[in-house]
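Report on the structure given below.
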Amino acid sequence: MTNTLIILAGGASSRMKKSMASKLSKEMVTQANTRSKALILLNDRPMLDYVLYNAKQAGITQVIIVIGPQGDLFKEYYGNEDQNNNFHGLHISYAVQHIPEDRVKPLGTADALLQAIEQYPRLQSDTFLVCNADNLYSTTAFFALRENKNPHAFLNYDRAALKYPMERIARFALTKVTTELYLEDIIEKPEASEVGDYKNADGTFRVSMNIFKFQGASFYPYLVACPIHPERNEKELPTAILAMVREHPTAMQAIPFSEHVPDLTGKDDIFILNDYLSTHIPTLDWNA
């Protein structure tokens, strides 16, 4: 099983900055408008602490955090060295997602992973997990991906288990898989008229929550070749994944999963996650 996790934390957090929340303190509003979502404090610790904690409980030992060029605050929390900082037994390194000169925002998730692999060439032959920094994946989720035998896999979440308003869930990326549970298609932000085409044989609709396992040697070429999305103007992981499965239909294994994934998209989510963590992870016992 792989012991390496790459966490994508270099995004611009545009939706968080644009969102409104009347009950937040001025300090929390400032954090939400200026920090990476991964570093917004929840019960006095960064969001990323809780992702790291669950990953460690699942057996992850090596973590590469993909940060932006102005990522000094990450180093204040997780170590000043570029590589192999010891954080509660996790070995934490950083990859920097550099922004092209003709852009203001990063070039997307596929570009983030590509830059991480090129900064850590061992990943071109390793197997590793990849996830977002602003979704709180469970220990069970990380372990399910680690123990899967397929070179490439992802968690295919039952949409009905996600505890969000339907308006929000409707924007999540729907998946279509074969009867043998190999990925066929992913559709980002589907139109209402398209949803019915993605209903599974068991009656469920399933979504990707952006947690994957990849084998570097076979996936790297698709990251290199990934085009810029014509509407969102970014290089996106689903685009690279679909290019791979078009050529290799059994490349990406879907792992059926059914549980809630708390996330930090807008300012109101700060209240929700504080309550969730107070109940589910009231303390971080790193030695457990």
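Here are the numbers for this structure:
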| item | result |
| --- | --- |
| Residue list for region 196-215, filter: assigned to a helix (DSSP H, G or I) and touching a residue at least 12 places away in the same chain (Cβ under 8 Å) | ASP197, TYR198 |
| Residue check for LEU39: free of Cβ contacts under 8 Å to residues at least 40 places away in the same chain, buried (at least 21 other Cβ atoms within 10 Å of the Cβ) and hydrophobic (A, V, I, L, M, F, W, C) | yes |
| Single residue of THR127, THR109, THR61 found to be touching a Pro at 6+ places or on another chain (Cβ under 7 Å) and β-branched (Val, Ile, Thr) | THR127 |
| Tabulated pairs, region 59-73, first assigned to a strand (DSSP E or B), second charged (D, E, K, R), C-beta under 9 angstrom, 6+ apart or interchain | VAL63/LYS56; ILE67/LYS75 |
| Residue tally, condition part of a helix (DSSP H, G or I) and either in contact with a helix residue (DSSP H, G or I) (Cβ under 9 Å, 6 or more places away or on another chain) or of a type in the set (Lys, Arg) (or both), over region 1-34 | 10 |
| Hey, ALA201 among the small types (Gly, Ala, Ser) and touching a Ser or Thr at 6+ places or on another chain (Cβ under 8 Å) or not | yes |
| Subset of region 35-45 (residues that are touching a helix residue (DSSP H, G or I) at 6+ places or on another chain (Cβ under 9 Å), farther than 19 Å from PRO69 by Cβ and not hydrophobic (A, V, I, L, M, F, W, C)) | ASN43, ARG45 |
| ARG206, sole failed condition from (1) surrounded by fewer than 21 Cβ atoms within 10 Å (Cβ to Cβ); (2) farther than 18 Å from LEU129 by Cβ | (1) |
| Top-ranked residue of region 172-190 - restricted to ones that are under 23 Å from HIS260 (Cα atoms) and acidic (Asp, Glu), ranked as modelled with the highest pLDDT | ASP185 |
| Hits in region 42-58 - residues which are closer than 19 Å to MET28 by Cα and free of Cβ contacts under 8 Å to residues at least 60 places away in the same chain | ASP44, PRO46 |
| From the options ALA112, ALA55, ALA141, ALA153, residue that is in a strand (DSSP E or B) and touching a helix residue (DSSP H, G or I) at 6+ places or on another chain (Cβ under 9 Å) | ALA153 |
| Selection count, region 236-250, where residues are surrounded by fewer than 21 Cβ atoms within 10 Å (Cβ to Cβ) and part of a loop (DSSP other than H, G, I, E, B) | 3 |
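Rundown of residues vs (1) surrounded by 16 or more Cβ atoms within 10 Å (Cβ to Cβ); (2) over 16 Å from ALA141 (Cβ atoms); (3) of a type outside the set (D, E, K, R), yes/no style:
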site	(1), (2), (3)
LEU155	yes, no, yes
MET166	no, yes, yes
ILE169	no, yes, yes
THR178	no, yes, yes
GLU188	no, yes, no
GLU191	no, yes, no
ALA201	no, yes, yes
GLY216	yes, yes, yes
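The values are calculated or read from the model by the stated rules, or taken from the named source; none is laboratory data. Model, not experiment: these values are computed from the prediction. Neighbour counts run over all protein chains shown; Cβ positions are idealised from the backbone, glycine included.
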